[in-house]
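Just below is one structure, and these are the notes that go with it.
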Amino acid sequence: MTKRTLLYLPVLHSGYEALLTRHADSDEILVLGTGFHTLFPKLAKEIRALSPERAAAHARLVVPGTPVAVVEPDGLAAALDADVVVVPDEEIMHRLVELPGLPDRAEVRFEPTFLRWDREWSRARRPARFDGRISRAALDRRLMGRAQDEARRSSDWWRQVGALAARDGRVLGTAFNHHHPTEYAPYVDGDPRNDFSRGLRPDLSTAIHAEASLVARAARDGLGLAGAELFVSTFPCPACARLVVESGFRRCYFAGPYAMLDGEDVLRAGGVETVWVDMEPEDAVSGSAGGS
């Protein structure tokens, strides 16, 4: 089986390093060359970008022994003529693999490029104070899985969160935390949150939280959320909890905790039921754990 990894590599950070390392078993790693500026003009405006040759040189240091080369548009068809092609889950790469004239035999695998930085507490499955309902129901786990997939699309290195609104099992909308004015805002000039402990001065941020984005988009599209259910990969912060209450959600399903449990008090006072969705694999659950 032949496997190639294809990516746009403007800079080398821990997320890209992790991606390259995961796929060091590739037959070849290919970095997009400057010829793709014609297809994607905004690439030429990336003032931080290394030259493709320099980026490839850095990549060789990350994965010594794996062939790394620069590919130009006229070599793209040959590059994608493989059994498996791994590409970052980015807009440019989605558009790239859909170009006409490319071979379609390859299995294209999209993967996130950003490394999530979380402390040990964030790996816990359940907040210490939580005494509400626990679910392992198939539908709840499936919808939570969708929310977790959304979280992986986030470019936030500190915390990736995904949210999903549903009514009677039907998905109404999805969102993930992201930054304004661009996804790169905190990485260009630094993140204003760096000098503050979590939970303090949430106004000093370039990010919009997943729940806030979900509610804002619903308002924009004229979609009522009253009586709907919220699935969020991480328990809402207090500010988002207030939005959840004001939007009329009747339940909030979550899979990961948040250090500031004030949000739980807000949801409880607002009549929003909280449900912890146990996402542990079936074989990791001892005994019979029935969903509710």
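Each of GLU98 and ARG250 was given a label point 7 Å from its Cα along the Cα-to-Cβ line. The distance between the two points is 3.6 nm.
In plain terms, the chain from GLU91 to ALA137 could stretch by 13.2 nm, reckoned as 0.36 nm per residue minus the Cα-Cα distance.
Subtracting the Cα-Cα distance of ARG54 and ALA269 from 0.36 nm times their residue separation leaves 71.8 nm of extension gain. Model label points for ARG170 and MET1, set 7 angstrom from Cα along the Cα-to-Cβ axis, are 3.8 nm apart. Given a 1.4 angstrom probe, I'd like the percentage of the accessible area of the stretch 1-120 that is carbon and sulfur, rounded to a whole number. Heavy-atom surface of the stretch 1-120 belonging to carbon and sulfur, 1.4 Å probe: 53 percent. Rolling a 1.4 Å probe over the protein heavy atoms leaves ILE92 with an accessible area of roughly 20 Å². Potential lengthening of the chain between ILE47 and ASP81 amounts to 9.1 nm, from the contour at 0.36 nm per residue minus the alpha-carbon distance.
Let me know the shape class of the stretch 24-110, please: from the alpha-carbon gyration tensor, a ≥ b ≥ c as square roots of the eigenvalues, rounded when a/c is under 1.5, otherwise prolate if a/b is greater than b/c, or oblate. In terms of gyration-tensor shape, oblate.
Close amide H partners of GLY173, meaning residues 5 or more places away or on another chain with modelled amide H under 5 Å apart, are ALA165. Computed from the C-beta positions of ASP74 and ASP149 and an R0 of 45 Å, the FRET efficiency is 0.85 to the nearest 0.05.
In this Cβ point-charge picture (+1 for Lys and Arg, -1 for Asp and Glu), the stretch 5-60 has a dipole of about 300 debye about its Cα centre.
Note on the stretch 1-64: the alpha carbon radius of gyration divided by the globular reference 2.2 N^0.38 Å gives 1.12. With every protein chain in place and a 1.4 angstrom probe, the accessible-area ranking of MET93, MET279, largest first, reads MET279, MET93.
The values are calculated or read from the model by the stated rules, or taken from the named source; none is laboratory data. Quantities reported herein were computed from a predicted structural model and do not represent experimental measurements. Ideal geometry is used to build each Cβ from the backbone, glycine not excepted, and the neighbour counts take in all protein chains shown. Remember, those area values only see protein heavy atoms, side chains included, never the ligands or the DNA or RNA. Shrake-Rupley method; radii C 1.70, N 1.55, O 1.52, S 1.80 Å.
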